[in-house]
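Here, each number is a calculation from the coordinates, and none is a lab measurement. As the structure is a prediction and not an experimental result, all values here were calculated from the model. When we count neighbours, we look across all protein chains shown, and the Cβ atoms used for this are built from the backbone with ideal geometry, even at glycine.
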Amino acid sequence: MTEPSDGTTHGSRLRLREVADLDDQTFTLYIEERFDQLVTAAIADADGFLSPDQHHLLHEPQRLEFLRDALTYAEGGLQVSVERMAYHRDARTARTGRLLRRVRTALHETDRTLATERRADARRRAADGGPQTDVVLVARGWLASALPDHFERLLAQTLTEAGLPDRPAAADVFDAVENGWSDGYLNAPRTPEVDHLLAKGPIAFQGAVAADARDQADRITELRHPLLQRRWASGLAELTDLTVPVARASSTSALGRLPDDVYDLPEADAKAVFAARRFLVAIWQRRAEHTHLLHNYAATVTDLGRSSPREALRRRAVDQAIDRLATEQPDAAARMLTGLQQHTASDGLAGLTPTERTGLKHRLVAEARAAARTPRSLTTALPPGPAPLTRTAAMAR
């Protein structure tokens, strides 16, 4: 980034003072149009140029995450600018250093606001409902965890019977997003450009990720496709690892203080260090952008999946698979239920701390595995009577 000051422009970028002259509608379009413009507005706000109305628009709840990204990028860029100016004994070093401190203060305040909102969200989620306390439902879920191979075999059968594809459960958020795209929950067409990126080898793909990070005013739209989120994350991580040593950064997440010996390097060598530090800041901005996008994709998939007919069929198939598992493994099911009943109150599973609940689950899972029998075919005779964790038994409780 250029040295942002009242007298500096960046291509068609407005001067910091000029941002304050925009009316509210134009200002809103300005900060939403391009990331570099949001950075300019964030710096102008930190430096006290924006009007109260503009400050309010910039700090609206739906923009806070993006504002933090912009301030983080501005902080890194300004730090490198101060370091480079100090190397050249530039007269603007002190002034830019003061601006850097104001941006850091604004970033700290934004972080505090976001932390407060996250705590409030956590309290709301806790009020909406904590961990499952129905003993039978907990036992059914833990039984499936205790005997995953048996459960997956039965689930494959019930999914087939329901006419649903038999695919592994999502192992991580990337799987969940990719499955959600396949199920039609994410409106992102698979264009030839997306296929072109998917077909790139590791080195060529990393080059595309690097090019996207370098041009902060533009975006390679196809990198944002749901099917490319895993590779984009890997590419950013690899670029970070490669750049940190060259940038003489203190870690993969912070520039840290520039080592004193850099100021004694020949100009060409020092320039390479400054360029690497600036590039590392750009990579981190893209990493933050990727994180937000991935979370938004995952939230959309979760919300739409809950209400879809396909998901209702899948939940029913899961329930039927657990019914069969409890029938096929009555000793393991009985051990799980008996162990949980020792920790029940009148309204279900007694209040346990997260640590106690985790310890109880680990113990009962181990005991259920020890009690499990070699699975038999469902075409053979089953034990008489309903097993304790079948849906029939659950409804009777």
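A few remarks follow.
- Segment 140-214 and segment 33-112 have Cα centres separated by 38 Å.
- With coordinates expressed along the principal axes, the C-alpha atoms belonging to segment 223-366 extend over 75, 36, 27 Å, beginning with the largest.
- Unit charges on C-beta of K, R, D, E only; dipole of segment 192-306, Debye: 320
- Taking the C-alpha atoms only, the angle from helix 229-247 to the longest principal axis of the chain is near 40 degrees.
- Stokes-Einstein D for the chain, Kirkwood Rh over Cα pairs, 37 °C, 0.692 mPa s (µm²/s): 129
- Calculated from backbone phi, Karplus (6.51, -1.76, 1.60) coupling profile of segment 51-67 in Hz, x at Gly/Pro: 6, x, 5, 5, 4, 5, 4, 5, 9, 4, x, 6, 9, 4, 4, 5, 5
- Stretchable slack from HIS59 to ALA199, in nm (0.36 nm times residue separation minus alpha-carbon distance): 46.4 nm
- Point-to-point label distance, ARG118-ALA162, nm (Cα→Cβ direction, 7 Å offset): 3.4
- Listed residue (SER250, VAL136, LEU293) projecting farthest to the positive dipole end of the chain, Cβ model: VAL136
- With contributions of -39500 (n - 2.57) from each DSSP H run of at least four residues, the per-residue ellipticity at 222 nm computed over the chain stands at -22000 deg cm²/dmol.
- GNM remark for the chain: springs join alpha carbons under 10 Å apart, and the peak mean-square fluctuation among THR243, THR300, THR338 falls on THR338.
- About its Cα centre, the chain has a charge dipole of approximately 1180 debye under the convention of +1 per Lys or Arg Cβ and -1 per Asp or Glu Cβ, with nothing else charged.
- Estimated translational D of segment 36-181 in µm²/s (Stokes, Kirkwood radius over Cα pairs; 25 °C; 0.890 mPa s): 121
- Take the convex hull of the alpha carbons in segment 192-306; its mean projected area over all directions comes to 8.6 nm².
- Here the gap between LEU313 and LEU242, fully extended at 0.36 nm per residue and compared with their Cα-Cα distance, gives a gain of 20.9 nm.
- Counting every C-alpha pair in segment 119-249, the share spaced more than 21 angstrom apart comes to 64%.
- Förster-model FRET efficiency, 35 Å R0, THR302 and ARG102, C-beta, rounded to 0.05: 0.35
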